[in-house]
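A short worksheet on the structure shown next.
The values are calculated or read from the model by the stated rules, or taken from the named source; none is laboratory data. Keep in mind the model is a prediction, meaning the values are calculated, not measured. Glycine also receives a Cβ, built like all others from the backbone with ideal geometry; neighbour counts cover every protein chain displayed.
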Amino acid sequence: MAGATDAGVVREETSREETVAGATVGLAALLFALGLAAQFDLVSLTDEVAGFRTVTVLGGLLLGLGLAVVSFGAGSRLDLVQTDPDHSAGLIAGVLFTGIWFVVGGLVASQTLGLGGVGWVVVALVVGVVAFATTAIPREDVGSTLPAGALAIFFGLAMLTGAIGPSWSWTPANFPESQSVTFFPRVVVPVMVMFSSLVVGWAAAKAYGGFGARGRHLGAHLLIYLNALSIIVVLFVLVAFVFLKGIDPVAEGVAFGPGVGPETTLSFDLVIPFVDVTLFGVSHTVAWPVWWPFVMNGAAILNDVNGVWPAVVGTIWLVVGAVVLAVPLGVGSAIFLTEYAERGRFTQVVEVATNALWSTPSIVFGLFGAAFLVPRFTPQPKKSLLAGMITLGFMLLPLVLITSREAMIAVPDEYRDASAALGVSKWQTIRSVVLPAAMPGVVTGVILGVGRIAGETAPLILTMGGGTFVTAGQAASVVNSFELTLSPPFVTNPELTQATTALPYQLYQVILTGTGATAGVKDITAFGWGTALVLLVVVLSFYAIGIATRQYFRSKLQYE
Amino acid sequence: MVNKRTASQWRTAGRRRIAAARDFVEETDPDALVVGAIGTVALFGAFVGFLLTSSYTSIAFVVFLASVGYGWWRHQELTARGVTLAMTVASSLILVLILAFIVLEAWPVIRYETSELLGIPVPGLGAFTSTSWDPRSNPNSFSMLPMIHGTLLVTAIATLVAGPLGVAAALFLSEIAPPVVREFVKPGVEILAGIPSIVYGFIGFVIIGPWVSDRFAIVGQGTYLFVGIVVGLMALPTVVSVAEDAINSVPEPMKSGSLAMGTTDWQTMTTITIPAAFSGVSAAVLLGVGRAIGETMAATVMLRNEPKIGEPLYNVFYGFETLTSVVANKYGSAVGLQESALYLAGIILFVSVLLLSVGSQLIEAHMHRKLGGAE
């Protein structure tokens, strides 16, 4: 025991044992990476390394790791190495190891030994109980290394002896033929390697820290850092993957230069309503200096490059419509709840309702839109752009409300008091003091919310979506389509009450139809990746702008 | 702390309300009162007109706008208050409307699936006692069990992914990460939430699906296991941000006190921070579960879209249908009772997520009361 001398939490020197334990952690990390590479076929299991098959090499490494970790525990227990372990590895480690060994024992008993219903349960229970006893009862150094090392040794031996060799496979017998599944070594071996190297790495990190408080600290930090790292890696891989797959179709045929782009005619006619007399008209045509066919084209047989222009237009209109509906409603409600209403039952109920609305599944909003909105804009129930806008507006509303409210609550009361002391009325105070101070928070909330709804698909399927591949001519031209009539409702807009498409909906249609032959889309998968990339760029730019705005204002505005 | 009021207390409270209202009427300009009344009636009329698909809806709405405009010109203070109140009511009404409309649409199938329990007919029970979804044969049957089974499996797997990883990431962000690393990881987690579900679905459909079928020699394409993993990844940011808030709300003096005793920061986390924030962290996991239940597009495009229950029950390698995917898939082609059955799936989703949301809010409120002491 180290307690008598200088067993501090902080150590300055690195001992030989610590170096070995550190090297073990490094080896475990290397094995984990190897396992990951093998899972994605970057390393073949049947290739030979120095005359041995990769499986055998991996098995040998696992065996060595396991033995090393067990020897750390034994060395510490026999006081060959100076450590300061606790009296037990703890209940949580015990339960986790019980679970792991229960599964291992159960699988071996039922599948390898072929024991029946009661038999394998008994074996699994016995193995689990032994694992629990080994973890929880002895001192921490043994309790946290022995079950971990044993797992690596067991897996390593299975691979070394060829029990799980290249020709091995396992098909659970109780799965019906039509729903059968087979486990091949190319899946199982990498999983075994990755899992056991994680467990062994944790145990080795504990040993590196000399067990006890410092050992636990290191072991836990290893896993938590690994977790954070893998989240970021997954994010990066996802975005990079979509980018690499989508950049070719998106960039096809892009041209710059004066006059290469499509022509846009800006025209304005002043017409007297109801009698159709044009007073005067202006019209001017400009050609864009950019030609970006994937974004500026629709889909048509004669196109060189088929594109998603109508979907882009649809998404823009959806966002505009949702913002026009949700922002006034959300900000207005937030003003009432924060400034006028007394805190009590009413505000509490509204708060709970808003949060509940925020977590309501998007498909439920879609059903609601289909039942509440779709039948009401045209004589016959028809999916329409307007229904899609309002449905997405309803989805945006709770986020706008919540963030605006938070922003308004964060405005210090001194501001309000100072304004009130000047004899200014309440509404004046809200308008000229509270709202400007809360504006950054509101704007950030709206931008992030827009990012979320711009990628929303499910409600559009039920309320707005129409057309698989849409030609450029069918892009919604909302502005030019307002018509005044003499009978109620006086203003109509056929474009708003018509089904149209949007980027996420277009991507769904690509998956659903699986072929673009009718519209002249040759490679439907490439078209899909292109659509996914455009959608991702649109949505992520909203997020990037939102997050950047927030960082900017946060560094600028510190109320306290 | 149940606040029980006696009848007489209610009566006094009511009387006070009426008195306050009378004072308000007496003090306010009659002109403002009239305009306010007109506006209120017009708004209500517009709502009713909208429900009845009347073409006069727009007239009522224009009257409302006109009254607001007049009020704004003459009595800005009162109008602002009234309009923001109307907005609050409208916002809160949406939740009620959602429930009302999906129940209304689901009613035919609830009546159709009536079956007897102890001799008493219970509407809708049939959808939970049989296991077959068959809109073609006669008689039809619309069991929700296959979809509930799918949703349960997907949600369980997603929770196993999002729960531990999310809580660990939240700990990392709020307690462990150096400020520079934090500045990168936190926006990263948020952006993960921003990737549209259909993009996850597309990757799942084009890449993961065929890969899994090949690896595991599966017949066809679509597994609950990998849908669950993808959905877990999508629920992860929710868990991280809510759990991080909970961990941050543990008062700093509690942690400092522990650290001053000479503990490592991991010891402080396990003995002080996590126990104190435990209810908040579990609320975060509950919200994550809610997100996983409601996730639609990834499930829709990655599953097989035939409502049936896998064999054996825990066979996660074959994915058929969830409550969300059945709606996204069948809406449009379904008519009559089948369409109504989709609304029944919507009710199940709505109610279960509502309960989770309210539950997690109650837990959070409880935690704030406990940690904040008397506010």
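Couple of notes before you dig in:
- Index of the failed condition, A:TYR208 passing every other in (1) facing chain B (nearest Cβ under 9 Å); (2) aromatic (Phe, Trp, Tyr); (3) in contact (Cβ under 8 Å) with a residue 60 or more places away in the chain: (1)
- When A:ALA220, A:ALA311, A:ALA213, A:ALA300 are checked against the criterion of being modelled with pLDDT of 75 or more and more than 30 Å from A:GLY75 (Cβ to Cβ), a single residue qualifies: A:ALA311.
- Among the residues listed as B:LEU160, B:LEU118, B:LEU125, B:LEU152, the single one being in the same structural domain as B:LYS308 (by TED's automatic domain parsing) and out of contact with any Gly (no Cβ under 8 Å at 6 or more places or on another chain): B:LEU152
- Criterion: modelled with pLDDT of 75 or more, more than 33 Å from the chain's Cα centre (by Cα) and more than 10 Å from every other protein chain (Cβ to nearest Cβ) - qualifying residue of A:THR513, A:THR501, A:THR497: A:THR497
- Considering only residues in the stretch B:213-233 that are more than 7 Å from chain A (Cβ to nearest Cβ) and without any contact (Cβ under 8 Å) to a residue 60 or more places away in the chain, the one that is nearest to B:PHE317 (Cα to Cα) turns out to be B:SER213.
- Conditions (1) more than 28 Å from B:GLY346 (Cα to Cα); (2) among the β-branched types (Val, Ile, Thr); (3) in contact with a Gly (Cβ under 9 Å, 6 or more places away or on another chain): number failed by A:ILE409: (3)
- Any helices (runs of 4 or more DSSP H) falling wholly within the stretch A:351-426 and containing at least 2 residues that are at the interface with chain B (Cβ under 10 Å from one of its Cβ atoms), modelled with pLDDT of 90 or more and over 30 Å from B:THR79 (Cβ atoms): A:362-372
- Some residue of the stretch B:144-164 being more than 14 Å from chain A (Cβ to nearest Cβ), hydroxyl-bearing (Ser, Thr, Tyr) and more than 30 Å from A:TRP427 (Cβ to Cβ): yes
- The helices (runs of 4 or more DSSP H) found entirely in the stretch A:134-253 that carry 1 or more residues being more than 22 Å from A:GLY60 (Cβ to Cβ) and of a type in the set (S, T, N, Q) are A:140-160, A:212-251.
- Residue match in the stretch B:241-257 (condition: within 27 Å of A:ASN355 (Cβ to Cβ), in contact with a Phe, Trp or Tyr (Cβ under 6 Å, 6 or more places away or on another chain) and hydrophobic (A, V, I, L, M, F, W, C)): no
- Test result for B:VAL35, among the β-branched types (Val, Ile, Thr), within 30 Å of A:THR429 (Cβ to Cβ) and not assigned by TED's automatic domain parsing to the domain that holds B:LEU362: yes
- Cβ pairs under 7 Å, 6+ apart, first in the stretch A:101-123 and without any contact (Cβ under 8 Å) to a residue 12 or more places away in the chain and surrounded by 15 or more Cβ atoms within 10 Å (Cβ to Cβ), second of a type in the set (Gly, Ala, Ser) and in a helix (DSSP H, G or I): A:LEU115/A:ALA109
Listed here are the residues, each with its yes/no results for (1) facing chain A (nearest Cβ under 8 Å); (2) on the phi < 0 side of the Ramachandran plot; (3) surrounded by fewer than 24 Cβ atoms within 10 Å (Cβ to Cβ).
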| position | (1), (2), (3) |
| --- | --- |
| B:ASP245 | no, yes, yes |
| B:MET254 | no, yes, yes |
| B:ASP265 | yes, yes, yes |
| B:THR268 | no, yes, yes |
| B:THR271 | no, yes, yes |
| B:LEU287 | yes, yes, no |
| B:MET297 | yes, yes, no |
| B:ASN305 | no, no, yes |
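- Number of the exception - B:LEU355 against (1) within 11 Å of another protein chain (Cβ to nearest Cβ); (2) within 30 Å of A:LEU460 (Cα to Cα); (3) not in a helix (DSSP H, G or I): (3)
- Residue match in the stretch A:144-155 (condition: among the aliphatic types (A, V, I, L, M), closer than 30 Å to A:THR19 by Cβ, in contact with a Pro (Cβ under 9 Å, 6 or more places away or on another chain) and away from chain B (no Cβ under 14 Å)): yes
- Flag for B:ALA42 being closer than 26 Å to A:ALA326 by Cβ, in contact (Cβ under 8 Å) with a residue 40 or more places away in the chain and not hydroxyl-bearing (Ser, Thr, Tyr): no
A quick yes/no check of all residues on (1) surrounded by fewer than 24 Cβ atoms within 10 Å (Cβ to Cβ); (2) among the charged types (D, E, K, R); (3) closer than 16 Å to B:ALA90 by Cα; (4) in contact (Cβ under 8 Å) with a residue 12 or more places away in the chain:
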residue	(1), (2), (3), (4)
A:VAL313	yes, no, no, yes
A:VAL324	yes, no, yes, yes
A:PRO328	yes, no, yes, no
A:ILE335	no, no, yes, yes
A:ARG343	yes, yes, no, no
A:VAL350	yes, no, yes, yes
A:ASN355	yes, no, yes, yes
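- Residue in the stretch B:198-209 that is crowded, with 18+ Cβ neighbours inside 10 Å, more than 10 Å from every other protein chain (Cβ to nearest Cβ) and either in contact with a helix residue (DSSP H, G or I) (Cβ under 7 Å, 6 or more places away or on another chain) or closer than 26 Å to A:PRO176 by Cβ (or both) present: yes
- Figure legend. Inter-residue proximity from the stretch A:390-405: first residues in contact (Cβ under 8 Å) with a residue 40 or more places away in the chain, second residues surrounded by fewer than 23 Cβ atoms within 10 Å (Cβ to Cβ) and hydroxyl-bearing (Ser, Thr, Tyr), beta-carbon distance below 6 Å, spacing 6+ or different chains. Indicated pairs: A:ARG405/A:THR338.
- All positions within the stretch A:527-543 that are within 17 Å of B:LEU192 (Cα to Cα) and facing chain B (nearest Cβ under 8 Å): A:ALA532, A:LEU535, A:LEU536, A:VAL539, A:LEU540, A:PHE542, A:TYR543
Condition check ((1) touching a Gly at 6+ places or on another chain (Cβ under 9 Å); (2) within 30 Å of A:PRO375 (Cβ to Cβ)) across all residues:
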| residue | (1), (2) |
| --- | --- |
| B:ILE18 | no, no |
| B:ARG22 | no, no |
| B:ALA37 | no, no |
| B:PHE44 | no, yes |
| B:GLY49 | no, yes |
| B:TYR56 | yes, yes |
| B:LEU78 | yes, no |
| B:VAL83 | yes, yes |
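- Given (1) within 10 Å of chain B (Cβ to nearest Cβ); (2) over 25 Å from A:ILE363 (Cβ atoms), number of the condition A:LYS522 does not satisfy: (1)
- All conditions in (1) within 30 Å of B:VAL239 (Cα to Cα); (2) within 13 Å of chain A (Cβ to nearest Cβ); (3) modelled with pLDDT of 85 or more hold for B:PHE184, with the sole exception of (3).
- Taking the stretch B:102-122 as the range and being closer than 24 Å to A:PHE372 by Cβ and out of contact with any strand residue (DSSP E or B) (no Cβ under 9 Å at 6 or more places or on another chain) as the test, the residues that pass are B:ILE102, B:VAL103, B:LEU104, B:GLU105, B:ALA106, B:TRP107, B:PRO108, B:ILE110, B:ARG111.
- Cβ-Cβ contacts under 6 Å between residues 6 or more apart (or on different chains), taken from a first residue in the stretch A:232-250 that is within 8 Å of another protein chain (Cβ to nearest Cβ) to a second residue that is aromatic (Phe, Trp, Tyr) and outside any helix (DSSP H, G or I), are absent.
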